[in-house]
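Read the structure below first, then the notes.
Each reported figure results from applying straightforward, stated rules to the coordinates on display, with no laboratory input. The structure displayed is predicted, hence computed values, not measured ones. Because the Cβ atoms are built from the backbone with ideal geometry, glycine has one as well, and the counts that use them run over all protein chains shown.
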Amino acid sequence: MSDAVVLITGGARGIGLAIAERVVAAGARVILWDIDVAALDQAKADLGSACTTQTLDIASSQAVSQAEMALEAAPTHLVNNAGVLGRAMNFDAMDAAEIDRTLAINLRGTLLVTSAFLRARTAHAQAGIINMSSIAGTNGGAPGRAVYGATKGAMIALTAAMARDLAPDLRVNAIAPGIIDTEIQTTLFASRAALEATVAGIPMGRLGQPADIAATAIWLLFHAPYVTGETIRVAGGRK
């Protein structure tokens, strides 16, 4: 894996950072794209010379193009992890600007980054892309989070299309996490106690951890040569 270079969006914290840690531990290099400068600096300090970082908003075509031109190494793999939950909205009180923001980051950004990756990448025997979906993509998400759920459902359809169009040179799969113990969940739940109360509805009896997603990502990136077009649920049995 020493010749692999994995580009990870939203890689400065949470699931993205957990995947980066596993990639580096496996002997490969990572490129982290994120909008959070301080978190990127900390990730770079923690991961060392195997990590390069770039600060950008993936919803901006200009920013993605500039980041593409500034790449220090050609990536071989891509993890489209960046995304936002978006503000809760009822169907009778939709905010057009918030709809556009969520779509721009979760869907438009994924398309822009994938396009840049395809132009910049170098061939690799295990080359692959992972798109980060969610169980919200099939169950509709939490109340008030329809736009988020819609973007994650779109990610499943996009994965199928990409897998078809980019084969056989690239494998493309999606991961659909359940409730993972990351910062984004503090937005969704009123309190830590409310978050932990959801464990009662999870057959495995615990919240998911970023490491659970990272383990699946490493398998898809490097150990699944005949797997493409799939969406793998990592949700502890929660539907």
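What value, in deg cm²/dmol to 500, does the helix sum -39500 (n - 2.57) over DSSP H runs of n ≥ 4 give at 222 nm once divided by the residues of the chain?
Value at 222 nm, helices only, nearest 500: -12500 deg cm²/dmol.
Have a look at 94, 75, 37 and report the one farthest towards the positive end of the charge dipole of the stretch 20-102, computed about the Cα centre with Cβ charges (Lys/Arg +1, Asp/Glu -1).
Looking along the dipole axis, the top candidate is 75.
Helix 146-166 sits at what angle to the longest principal axis of the chain, using alpha carbons and giving 0 to 90 degrees rounded to 10?
Result, in degrees: 30.
Pairs of Cα atoms under 8 Å, at least six residues apart: use those to get the relative contact order of the chain, whole percent.
After rounding, I find 20 percent.
Take the alpha-carbon centre of the stretch 15-47, take the same for the stretch 183-239, and report the distance between them in whole Å.
19 Å
Relative to the longest principal axis of the C-alpha atoms of the chain, give the angle of the C-alpha long axis of helix 109-120, reported between 0 and 90° and rounded to the nearest 10°.
10 degrees
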